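The values are calculated or read from the model by the stated rules, or taken from the named source; none is laboratory data. Note that this is a predicted model, so its numbers are computed, not measured. Neighbour counts are summed over all protein chains in view; Cβ atoms, including those assigned to glycine, are modelled from backbone coordinates with ideal geometry.
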Amino acid sequence: MSIRTRFAPSPTGNVHIGNIRAAIYNWLFSRHEGGEFLLRIEDTDLERSTPAAVRTVLESLAWLGLDYDGEPLYQSTQREKHLEVAEQLLAKGAAYKEDKGGTGRGECVIFKMPGRDISFRDAVKGELSKKADDLKDFVIVRSDGSPVFHLGNVVDDITMGITHVIRGDDHVENTFKHLAMYEAIGAPPPVFAHLPMIVNAQGKPYSKRDGAAYVGEFREKGFLPEALFNSLALLGWSPGEDREVMTREEMVAAFTLDRVRSAPSQLDMTKLLWMNGEHLKRRGLDEIAAGCRAAMERKGQWRDDIAPAYFAAVVACMGERVKLFGDLGDQAGFFFDEDFPYDEKSVRKRLLKEGALDILREEQAVLEALEPFTTESTDAALHALAETTGRGMGELVHPLRVAVSGTGVGPGLFDMLAVMGKERVMRRIRRTLDAYGG
Ligand code: GLU
């Protein structure tokens, strides 16, 4: 039998990472098995399922490279079929009508639970069961004639020939109901796999407050789709052998349901940034530069006078410090701005310290005479100055760094000097001495 999975989001305007993780697992599993991955839009809540909300789902899938087979099935188009099945269940005596609560608003259709315990083997959680007493009858068609989630969900999965339902933990309780419906309808149930909850560092359900919770937010922050994909795939699944940084193809090759854990999985922003940095490295400098530039343009940090070669050199110089495209503009803006601001604390600590400005003047003289002006030559020149003046390198490095960048943090000083070039460095030292040198 060929494998068929589906992603069945209810469009709300945002795609939570817990939901997209389910999509990723369904996709990986189908692709690994050579099966099909289908899309069903559960759009019966017409107030929330606006065209824009549906577009958000489609964009998130496309961005992450989660291609689906065939056309999406819109649940709202299946209403007649849902109601037909409700009629069949009524006819079989597996459902009954009732004016719930005697409100006089009309009758609902209620599914009758079989009155015995229900158990099933979850592909992730193992054997699960529930006592008959805890399984209550439930509404499948509201008094206004609209089908309820449980009915649409099960009927559509049958229509679509779904063989494996991989979804969040929060649906475990529903699955007992759904299994009873499969039996009453007379359709073989799919395999169910319920994924562990995503929690924050405190073990609480992961939410917006923990950083970013929606796919769109990660995208806006500058995460690479392959890094988010990789990170989310590892939230509950591991390929073994401590493998972590992987391509989509490697994950497809390695993905099996028996390596999905049932314990809650922790999403950690630090780890995510690390993962992004790893995938960024695989992209090559040109692509990184293009991404950084686009992020700077979006944030209004780009200036048209930035020379492409200088920009590329800065990107290379920042190296692994750039974990997100947005980091370059945020952390290295001073490279491009001759009026860069001075960080007050660094100025106090590094420049206005006893003797620091005298040291800066000595460095000015040494660098002025230096030719060529490279990483190695600036390094050697400052070491020589340290030697002749009997000072530690730290005393020399810190004031100079603040003088040329306005801040105490950044890439290696000598790399930075070489990238900036002599003219720019000398101009910046002069500016600093004019401002603070008295
Ligand atoms: N629309 C449901 C949800 O997003 C579908 C659950 C399922 O995958 O069956 O939670």
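Descriptive notes on the structure:
- Residues located in region 31-58, provided they are farther than 20 Å from Gly152 by Cβ and touching a residue at least 60 places away in the same chain (Cβ under 8 Å): Arg31, His32, Gly35, Thr56
- The listed residue being closer than 23 Å to Tyr310 by Cβ and of a type in the set (A, V, I, L, M, F, W, C), out of Ala356, Ala365, Ala332, Ala380: Ala332
- Considering residues of region 121-138 that are in contact with a Ser or Thr (Cβ under 7 Å, 6 or more places away or on another chain) and in a strand (DSSP E or B) only, the residue nearest to the ligand (Cβ to nearest atom): Leu128
- Qualifying residue in region 292-305 (condition: within 24 Å of Arg167 (Cβ to Cβ) and out of contact with any Pro (no Cβ under 8 Å at 6 or more places or on another chain)): no
- Residues within region 256-272 that are at pLDDT below 95, surrounded by 18 or more Cβ atoms within 10 Å (Cβ to Cβ) and not in a loop (DSSP other than H, G, I, E, B), tallied: 2
- Here Gly291 passes the criteria (1) farther than 27 Å from Lys221 by Cα; (2) crowded, with 18+ Cβ neighbours inside 10 Å except the one numbered (1).
- Pairs, first under 15 Å from Met197 (Cβ atoms) and in contact (Cβ under 8 Å) with a residue 60 or more places away in the chain in region 11-22, second more than 9 Å from the ligand (Cβ to nearest atom) and of a type in the set (Val, Ile, Thr), C-beta under 7 Å, six or more apart: Ile17/Ile198; Ile17/Val215; Gly18/Ile198; Ile20/Val215; Arg21/Ile198
- Restricting attention to region 173-183, the residues that are touching a strand residue (DSSP E or B) at 6+ places or on another chain (Cβ under 7 Å) and within 11 Å of the ligand (Cβ to nearest atom) total 1.
- Selection within region 369-378 - surrounded by fewer than 17 Cβ atoms within 10 Å (Cβ to Cβ) and within 18 Å of Val402 (Cα to Cα): Thr375
- Among residues of region 139-169 being β-branched (Val, Ile, Thr) and either within 12 Å of the ligand (Cβ to nearest atom) or within 11 Å of Arg79 (Cα to Cα) (or both), the one that is surrounded by the fewest Cβ atoms within 10 Å (Cβ to Cβ) is Val148.
- When every residue of region 46-68 is checked against the conditions, at least one turns out to be closer than 21 Å to Ile162 by Cβ, exposed (fewer than 14 other Cβ atoms within 10 Å of the Cβ) and out of contact with any Gly (no Cβ under 7 Å at 6 or more places or on another chain).
- Qualifying residue in region 226-240 (condition: farther than 22 Å from Gly18 by Cβ, of a type in the set (Ser, Thr, Tyr) and surrounded by fewer than 22 Cβ atoms within 10 Å (Cβ to Cβ)): no
- Contact map, region 362-389: residues that are over 18 Å from Thr432 (Cβ atoms) paired with residues that are in a helix (DSSP H, G or I) and of a type in the set (Phe, Trp, Tyr), Cβ distance under 9 Å, separation 6+ or inter-chain. Pairs shown: Thr374/Phe414; Thr375/Phe414; Glu376/Phe414; Ser377/Phe414; Asp379/Phe414.
- Residue tally, condition within 12 Å of the ligand (Cβ to nearest atom) and either among the β-branched types (Val, Ile, Thr) or buried (at least 21 other Cβ atoms within 10 Å of the Cβ) (or both), over region 1-17: 8
- Qualifying position, being among the charged types (D, E, K, R), more than 26 Å from Leu285 (Cα to Cα) and either at pLDDT 95 or above or in contact with an Asp or Glu (Cβ under 7 Å, 6 or more places away or on another chain) (or both), among Asp358, Asp415: Asp358
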